Amino acid sequence: MKTPSAPIDDPAAAAEALREEARIWLSRLAGAEPTQMDVQAFQRWQRTSPAHAAAFDEARRQWASMRLALGGLLRTDPKFAARHERLRHGASAQPGRRAFLGAAAGAAVAAGVVAVVHPPLGLWPAAGEWRADERTATGEQRELLLARQVRVTLNTQTSVRRQAEGLELIAGEAAIDLPAEGGAPFVVSAGAGRALAGGDGPGRFELSYLQGKACLSCLEGTVRLEHPAGTRQLQARQQLVYDAQAISGVRAIEPADLSAWRRGELVFRQTPLARVVDEINRYRPGRVVLLAASRRDDPVSGRFSIAVLDEALLQIQHSFDLQARSLPGGLLVLS
């Protein structure tokens with residue numbers, strides 16, 4: 001990729017040139033599905049210096065702000081909506097700021113009401129996660145002790161924001177342990193729903209929020225879900241799923257399997273291989289890509305240690321007769 005060059009004796013020009021390179025990279029990565037060569041080249045560029053990394057951080061913040069603003073304009077201003085098409089069509093020939101604006105406008109149209117930026121291949125946190133008070137990295141787990149002795153355990157790739165009555169789960173998965181003492185219910189909001197528990201005795205529940213879908217599980221005591229589609233009450237060993245529009249039925253669960261991640265394990269029971277790979281990607285640095293389409297729905301059962309997931313991948317490779325190819329940056333292709 002050609003990028004602008006700047007005179008090394010002009011710090012201001014050099015800094016602007018670096019910002020321009022960052023905008024070009026972000027437009028290239030977000031404008032279409034990037035190839036692995038694109039990703040590897042970007043990662044080399046980003047690691048060139050701290051200034052390169054900082055320039056990209058600035059570009060992605062601008063990108064998120066513009067997508068939010070452009071989304072509103074495109075919905076409310078017909079003249080702007082008509083003009084944006086001309087800008088977007090001219091962006092491909094102008095790789096710098098104009099392409100950056102055009103790609104942001106185009107993305108806002110495609111997404112409708114834009115709330116977050118979905119980064120390609122997990123190269124950076126989604127825009128909504130930048131406002132988190134606490135965020136765990138890939139493979140990291142963290143325990144928080146909040147007011148009233150409420151204990152919250154954050155799983156890998158989890159972002160939360162503290163609120164007066166509890167927490168907002170922006171993305172990821174959290175386990176909440178509530179004390180025996182009474183008081184106001186502890187509230188965890190995720191997407192369109194609010195989970196309320198405690199206030200009448202000890203309790204334990206888990207809530208995950210991934211790709212717009214939430215899963216609420218009650219392990220001990222009771223937990224209530226408040227949602228635009230209605231209210232549901234869960235007892236111990238019960239679970240439901242919801243998204244922005246609807247709530248599923250209640251089903252029974254095995255708490256030991258559900259909480260295996262807190263013991264450093266992943267447990268699968270007749271789980272489709274594609275979902276197993278997605279789950280492993282939440283815990284393992286890099287990326288596992290499953291190209292064997294015919295194997296995506298094959299069932300997987302097993303118990304794997306989070307600390308040695310490459311061993312789990314080796315077992316999967318042999319069990320399903322897959323070919324594995326390792327690439328730089330922790331990328332593993334299964335075909």
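Laboratory data are not the source of any read-out in this text; all were calculated from the coordinates shown. Just so it is clear, the model here is predicted, and its values are computed rather than measured. In this analysis, Cβ positions are derived from the backbone assuming ideal geometry, glycine residues included, and neighbour counts consider all displayed protein chains.
Things worth noting here:
- Sum of side-chain charges, Leu240 neighbourhood, beta-carbon under 15 Å (Lys, Arg +1; Asp, Glu -1): +3
- Note on region 285-335: Cα-only Rg and Dmax are 10.9, 29 Å.
- Compactness of region 228-322 as Cα Rg over 2.2 N^0.38 Å, two decimals: 1.27
- Diffusion coefficient of region 146-296 by Stokes-Einstein, Kirkwood radius over Cα pairs, 37 °C, 0.692 mPa s: 203 µm²/s.
- For region 182-227, the gyration tensor built on C-alpha atoms gives a prolate shape. Its axis ratio a/c (a ≥ b ≥ c) is at least 1.5, and a/b is the larger of a/b and b/c.
- FRET efficiency, Arg296 to Leu146 (Cβ-Cβ, R0 35 Å, nearest 0.05): 0.30
- Distance from region 244-312 to region 178-231 (C-alpha centre basis), Å: 23
- Here r is the Cβ-Cβ distance between Gln40 and Glu265 and R0 is 25 Å; the resulting FRET efficiency, rounded to 0.05, is 0.20.
- Note on Val250 and Ser319: with the Förster distance fixed at 25 Å, the Cβ-Cβ geometry gives a FRET efficiency of about 0.15.
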